[in-house]
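Computed from the coordinates by the stated procedures, all read-outs in this text should not be read as laboratory data. Being a predicted model, the structure only gives us computed values, none of them experimental. Methodologically, a virtual Cβ is constructed for each residue, glycine included, from the backbone with ideal geometry; neighbour enumeration extends over all protein chains shown.
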Amino acid sequence: DIFQRVLVEYFDSK
Amino acid sequence: MLELRLVQGGLLKKVLESLKDLVNDANFDCSASGFSLQAMDSSHVALVALLLRSEGFEHYRCDRNLSLGMNLNNMAKMLKCAANDDIVTIKADDASDSVTFMFESPNQDKIADFEMKLMDIDSEHLGIPEAEFQAIVRMPSAEFARICKDLSTIGDTVVISVTKEGVKFSTRGDIGTANIVCRQNPSIDKPEEATIIEMEEPVSLTFALRYMNSFTKATPLANQVTISLSADLPVVVEYRVAEMGYIRFYLAPKIEE
């Protein structure tokens, strides 16, 4: 299965 | 007090057309350095970062940092009322709950002003570090838009693979598969038609075509698009906005688990 990641998995919240 | 006068008002119209389908509401941040925006789509998978540097404006007055919360669809509606060659001025008072867009025809025979209500938007800001990418592809923006549109008639996702042979865009769907390879082409006579690939290492990533297609709404802004890829990092799809800045779209890859 292919899962869509979200951006907070890569970038920190400021 | 904020007053930004942009002679190439058509640029702002194009910027809004490229944002409004991806993001509903966003804060435009105004500071001495420029007019910027960072916003995510509702599913937090894609992000857009816009920068229009202050030097690109004919007149730029921003007495203190201001954040203007706007509904992008409504802002696009108002900017659609400006002609492509109109001069656009954005004005706001520090404590005001509205923003004014003024449109002047190039020969000054028609002047219009549109006032729009501002919104309080609680937006999440992400810190995006400067990254070294494994591969950077620069290619004609219209070609990239065509590829995304064509592939989305066949599949939902695109695999972008960069090797020293070129950049390959692949999809698969119920009716079959498709592969489009673009080779490096420096096109010295017509730089806007060049395809340039800078590759440190081969890279292959999978993305949702729906978002890629949304990013290509920015095609009218620039002849060239830059696609920056690294394994397990969001792709960056960048369009330059004349000499004054950029619009960058970030999209998280799909991962097989």
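Laid out as a table, the results:
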| item | result |
| --- | --- |
| Gyration tensor verdict on the stretch B:154-215 (Cα atoms; rounded if a/c is under 1.5, prolate if a/b is larger than b/c, oblate otherwise) | prolate |
| Cleavage-rule hits (trypsin sites (Lys or Arg not before Pro)) in the stretch B:27-105: DSSP loop, at most 13 neighbouring Cβ within 10 angstrom | B:Arg64 |
| Other-chain or far-sequence residues with amide H under 5 Å of B:His125's (modelled H) | A:Lys14 |
| Global size of the stretch B:121-194 as Cα Rg and Dmax, reported in angstrom | 15.9, 48 |
| Mean shadow area of the protein assembly as shown over all directions, Cα convex hull, nm² | 15.6 |
| Hydrodynamic radius (Kirkwood) for the stretch B:24-70, which is based on Cα pairs only, to one decimal in Å | 11.5 |
| Mean shadow area of chain B over all directions, Cα convex hull, nm² | 15.4 |
| Size of the stretch B:186-242 as Cα extents on the principal axes (Å, biggest first) | 35, 27, 16 |
| Among B:Thr89, B:Thr153, B:Thr206: highest mean-square fluctuation, GNM of chain B, C-alpha pairs under 10 Å | B:Thr153 |
| Pairwise Cα inverse-distance average, inverted: Kirkwood Rh of the stretch B:23-156 (Å) | 17.6 |
| Cleavage-rule hits, trypsin sites (Lys or Arg not before Pro), the stretch B:122-221, DSSP coil, Cβ neighbours within 10 Å at most 14 | B:Lys164, B:Arg183 |
| Directionally averaged shadow of the stretch B:137-257, computed from the convex hull of its alpha-carbon atoms, nm² | 7.7 |
| Gaussian network model of chain B, Cα within-10 Å springs - most flexible of B:Ile197, B:Ile227, B:Ile128 | B:Ile128 |
| Gaussian network model of chain B, springs between alpha carbon atoms under 10 Å - residue of B:Ile196, B:Ile188, B:Ile180 with greatest fluctuation | B:Ile188 |
| Relative contact order, percent, chain B [alpha-carbon distance under 8 Å, six or more residues apart] | 20 |
| Set B:Lys20/B:Lys190; B:Lys80/B:Lys190; B:Lys13/B:Lys110; B:Lys20/B:Lys117; A:Lys14/B:Lys20 screened for pairs whose C-alpha atoms are more than 22 Å apart | B:Lys20/B:Lys190; B:Lys80/B:Lys190; A:Lys14/B:Lys20 |
| Cα pair distances of the stretch B:111-160 binned at 10 Å [whole percent] | 14, 22, 24, 31, 9 |
